[in-house]
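Where a number appears in this text, it was derived from the coordinates with a stated rule and is not lab data. If you're wondering where the values come from, they're calculated on a predicted model, not measured in any experiment. In this analysis, Cβ positions are derived from the backbone assuming ideal geometry, glycine residues included, and neighbour counts consider all displayed protein chains.
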Amino acid sequence: MKYETVIGLEIHCELKTKTKIFCGCETGFGAEHNTHVCPVCLGLPGVLPTVNKRVVEFAIKAGLATNCEINQYCKFDRKNYYYPDLPKNWQTSQYDLPIAEHGWVDIDVEGEKKRIRLTRIHMEEDAGKLVHSGTNIKDSASSNVDYNRTGVPLLEIVSEPDMSSALEARTYMEKIKAIMEYIDVSNCRMEEGNLRADVNVSLRPAGSTELGTRTEMKNINSFKSLEDAINYEIERQTEVLEDGGEIIQETRTWDPERGITLSMRSKENAHDYRYMPEPDLPPIVTSPETIEKFRSELPELPDARRARLEKDFGLSDYDAGIITSSRAMAEYYDAVVATGADAKLAANWMMGDLLKNLNAEAIDISKSPVEAERLGEMIRLIEKGTISSKIGKKVFAEMWTCPDAPAKIVEDKGLVQITDTGAIEAIVDQVIADNPKPVEQYKAGKKKAIGALVGQVMKQSKGKANPQMVNELLAKKLDS
């Protein structure tokens with residue numbers, strides 16, 4: 001029997017506020033364990049929380065940026081459960097009246113566009129963090145608790161089960177990450193836990209509309225782990241069903257070292273949490289005027305920016321998609337073009353040598369040793385004919401390890417392009433004399449043979465001859 005995969009994501013996005021959601025403790029990452037805590041976030045008796053206004057503002061902007069309806073009236077609720085990282089034995093979250101609902105984002109997977117619906121976005125506090133003695137909770141002899149993260153503000157972004165492959169799920173999460181970066185509500189540093197996902201996966205017979213029993217994988221915090229965990233879970237569930245077994249509704253954990261998911265506990269339903277309205281916090285009422293004010297403050301979002309780059313600069317859909325996939329990448333591109341560099345050349349260099357080097361060294365574009373301004377200056381040297389594109393690759397390689405301006409590197413390394421017709425003509429004459437075979441082929445009508453001669457001229461000039469002049473001189477002499 002063939003099965004269809006059904007995937008839904010609950011993305012937890014940590015907001016970049018200076019203080020926690022209900023108290024004045026710092027939210028900074030990496031502090032010594034249990035130093036960013038106070039009686040409120042530790043849940044000590046007799047304390048009262050106060051809502052961080054900035055969290056509400058960020059939540060409204062996130063809702064608007066993902067095409068949600070913003071609820072003018074929303075409230076907080078207590079989600080009751082018992083776990084060592086939850087000092088109050090409840091998490092202050094939102095249940096039946098969240099801040100935002102009924103949104104959507106569009107994704108592009110292998111040239112196919114697909115709309116992923118958002119069920120809701122709600123505000124909540126983060127729990128603490130278990131520090132395991134082993135590599136994960138399953139192989140640890142002991143665990144300690146760090147409460148620094150308790151009370152850090154989160155948005156939980158809940159999708160409908162609209163995804164049908166690991167690649168779609170990854171693309172959707174990448175899109176959410178880009179939007180949160182663009183509107184500047186989160187750092188989205190996945191390695192620090194700023195963005196992580198709980199993944200629900202189920203299978204159903206092909207053509208069926210009824211959902212199968214789902215499993216949930218908690219706290220996936222990298223795109224690779226997201227894809228790998230989903231693909232493994234699809235394989236595991238398929239084997240269980242084909243062997244005549246039944247899928248158990250449960251929570252599982254992803255073990256990246258072994259490349260498998262492991263059972264943690266049976267999956268709870270909403271009624272198991274015994275939600276109740278939070279008595280210590282008043283409802284949040286937002287006027288239509290305030291909502292429109294936040295809408296007017298939204299920046300140009302990824303889809304709009306992508307369309308503009310295609311329309312105004314003639315970039316391909318693929319290139320525009322990559323460039324706008326993160327705010328840092330888009331801002332880098334804008335800075336390159338702002339130097340006066342040709343827009344298409346800027347895209348080519350970013351998509352080529354720049355991304356190749358960044359990926360090879362696993363660094364973010366915001367930490368690129370070649371700043372946008374210097375890349376723009378180098379591209380302008382190519383446009384002016386000072387250097388060729390081939391020499392540009394040598395200059396770029398130097399720029400990667402040297403902070404000098406491109407013009408200085410060109411001068412110091414003697415890389416200025418030869419544009420003196422007499423100098424190029426002498427090399428062309430010598431190449432024609434030394435290569436009778438391609439000359440004969442060209443004269444016999446095989447015009448592509450000129451490529452071999454151009455290559456020889458560029459080799460003898462150490463790549464410094466102007467390629468256009470080389471082609472023109474060779475054609476002129478061979479056709480005469």
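Okay, here's what the table says:
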| quantity | calculated |
| --- | --- |
| Shape call, the stretch 103-149: gyration tensor on alpha carbons, a/c limit 1.5 | oblate |
| Translational D in µm²/s for the stretch 421-479 (Stokes-Einstein at 37 °C, 0.692 mPa s, Kirkwood Rh from C-alpha pairs) | 297 µm²/s |
| Label point distance in nm, LEU262-LYS138, each placed 7 Å from Cα along Cα→Cβ | 0.5 nm |
| ARG274 versus VAL416: modelled label distance in nm, points set 7 Å from Cα along the beta carbon direction | 8.3 nm |
| Spatial separation of Cα centroids for the stretch 76-114 and the stretch 255-310, in angstrom | 5 Å |
| Pairs of lysine residues in the stretch 300-412 - Cα separation under 19 Å, sequence separation of 8 or more or cross-chain | 15 |
| Other-chain or far-sequence residues with amide H under 5 Å of ASN187's (modelled H) | LYS16 |
| D_trans [Stokes-Einstein, Kirkwood Rh over alpha-carbon pairs] for the stretch 259-350, 37 °C, 0.692 mPa s, µm² s⁻¹ | 183 µm²/s |
| Rg in Å to one decimal, and Dmax rounded to a whole Å, for the chain via C-alpha atoms | 29.0, 98 |
| Reachable aspartates and glutamates from LYS413, criterion Cα separation under 16 angstrom, eight or more residues apart if same chain | GLU398, ASP404 |
| Helix 421-434 axis, angle to the chain major axis (alpha carbon atoms, nearest 10°) | 80 degrees |
| Nearest-ten-degree value, helix 467-479 long axis tilted from longest Cα axis of the chain | 40 degrees |
| Compactness index (Cα Rg / 2.2 N^0.38 Å), the stretch 337-480 | 1.22 |
| Three-way shape label, the stretch 300-341, alpha-carbon gyration tensor, a/c 1.5 | oblate |
| Highest average packing first - 31-42, 5-16, 317-328, Cβ atoms within 10 Å | 5-16, 317-328, 31-42 |
| Theoretical FRET efficiency, 1/(1+(r/R0)^6), r = Cβ-Cβ of GLU297 and LEU44, R0 41 Å, to 0.05 | 0.65 |
| Straight-distance crosslink candidates among aspartates and glutamates, where the alpha carbon sits under 20 Å from LYS18 and sequence neighbours closer than 8 are dropped | GLU26, GLU32, GLU57, GLU124, GLU125, ASP126, ASP146, GLU156, GLU181, ASP184, GLU191, GLU192 |
| Mean Cβ neighbour count within 10 Å, used as a protection proxy, ranking 43-50, 363-370, 457-464 highest first | 457-464, 363-370, 43-50 |
| SER480 versus GLU331: modelled label distance in nm, points set 7 Å from Cα along the beta carbon direction | 5.6 nm |
| Reachable lysines, given that their alpha-carbon falls under 20 Å from the alpha-carbon of LYS88 and they are not under 8 places away in the same chain | LYS20, LYS75, LYS79, LYS129 |
| Theoretical ellipticity at 222 nm over the chain - DSSP helices of four or more residues, -39500 (n - 2.57) apiece, nearest 500 | -11500 deg cm²/dmol |
| Angle in degrees between helix 372-384 and the longest Cα principal axis of the chain, rounded to the nearest 10 | 20 degrees |
| Residues ALA405 and ASN89, FRET efficiency given R0 of 60 Å [Cβ-Cβ distance, rounded to 0.05] | 0.50 |
